[in-house]
Amino acid sequence: MKSKLYLALFCVAFFWGTTFLGIRIGVETIPPFILAGIRNFISGFIILGYLIYQKKLESINARQFLRAFILSVMMIVLANGLTTYAEKYISSGLASLISTLNPFFVLLLNLLLGYEKLSFKTVIGIVLGMLGIFLIYQSSLSDLVNPEYRGGIFAILIAVLMWAVGTIITKRGSANSLTMLMNVSLQMIIAGVILTLIQFYLTPDFNTASWSLRSIIAMIYLALFGSVVGYVAFSYLITQLPSTKVTVLSYINVVVALFLGWLILDEAITVRILLAATLIISGVVIVNYKRIK
């Protein structure tokens, strides 16, 4: 059991860090929502094929479908789809850095819902996180004049919030829920349909001939490692550990994403960005210290 848990932790911490780079390369030539849509179609049908092969398909009632639909919209269509859209206009490193707000959003929602209590330690953690975000925006004030950049920042913030809401819903579970793999497969296929329809609505005349081999390989990588490996590992972890503890892994994602963005895409890592990352990660660690210990 422990080895399975550690493997899942590694998959979420490392492979999800690489997905920020994969998305950035993918959207170079592929429209963001069709990229996210095809990615989820591929991964959803891979898992479905595995379930058919293993003869583990389940019948789905209306309540189970509705739950899967809601989680699919929150955690894949909005969270993953808007992250993909955002990286069309902002760097992969910045997207990953903003995504580290996820534990704070989960914490604040848990506070509002009465699942956790406010403490001095929590306040210190939130203040540090907010200082980190202030540094990010202070270094990009001139960029905020650009409406596309501003839209990218807004999109990634909504994505992080929706992921936090979905995380809490997933953690609370359902007595009548599907098995993990069946649930994940259904969510991905639903999201694939919705995201593809969104792209056709926005740009019905997009041309696949303009898609580069580099972007297509990135899309396949995202389907295999970002969705099949990463999302399945996350879905397993959320059933084994507290939701806030699982979201702490996002601060490992940002280290991986910042390094790969610098190494492969020549994205700048300034002293201000490093300081902002340090403040945000410190805030997350302080907020979750008891759980980590």
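The values are calculated or read from the model by the stated rules, or taken from the named source; none is laboratory data. Every value quoted in this text rests on a predicted model; they were computed, and no experiment measured them. As a convention, Cβ positions derive from the backbone with ideal geometry for all residues, glycine included, and neighbour counts pool all protein chains shown. Calculation scope for accessible area: heavy atoms of the full protein, side chains included, ligands and nucleic acids excluded. Shrake-Rupley method; radii C 1.70, N 1.55, O 1.52, S 1.80 Å.
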Which one is surrounded by the most Cβ atoms within 10 Å (Cβ to Cβ) among residues in the stretch 1-21 that are within 23 Å of Y221 (Cβ to Cβ) and among the polar types (S, T, N, Q)? T19
Of the residues L224, L181, only one is over 17 Å from the mean Cα position of the chain (by Cα) and under 17 Å from Y50 (Cβ atoms); which? L181
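Quick grid of which residues meet (1) assigned to a loop (DSSP other than H, G, I, E, B); (2) small (G, A, S); (3) farther than 18 Å from V73 by Cα; (4) at pLDDT below 95:
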| site | (1), (2), (3), (4) |
| --- | --- |
| S3 | no, yes, yes, yes |
| F10 | no, no, yes, yes |
| W16 | no, no, yes, yes |
| I30 | yes, no, yes, no |
| F33 | no, no, no, no |
| G37 | no, yes, no, no |
Tell me yes or no: at least one residue of the stretch 39-54 is within 30 Å of I286 (Cβ to Cβ), of a type in the set (S, T, N, Q) and open to solvent by less than 60 Å² (accessible area, probe 1.4 Å). no
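Residue by residue, here is whether (1) crowded, with 17+ Cβ neighbours inside 10 Å; (2) touching a Pro at 6+ places or on another chain (Cβ under 7 Å); (3) under 19 Å from F41 (Cα atoms) holds:
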residue: V165; (1), (2), (3): yes, no, no
residue: I168; (1), (2), (3): yes, no, no
residue: R172; (1), (2), (3): no, no, no
residue: L178; (1), (2), (3): yes, no, no
residue: N183; (1), (2), (3): yes, no, yes
residue: I189; (1), (2), (3): yes, no, yes
residue: I194; (1), (2), (3): yes, no, yes
residue: F200; (1), (2), (3): no, no, yes
residue: D205; (1), (2), (3): no, no, no
Inside the stretch 55-91, the number of residues satisfying the requirement of being open to solvent by 50 Å² or more (accessible area, probe 1.4 Å) and not in a helix (DSSP H, G or I) is 9
Subset of the stretch 207-216 that is without any contact (Cβ under 8 Å) to a residue 40 or more places away in the chain and part of a helix (DSSP H, G or I) - its residue that is most open to solvent (accessible area, probe 1.4 Å): L213
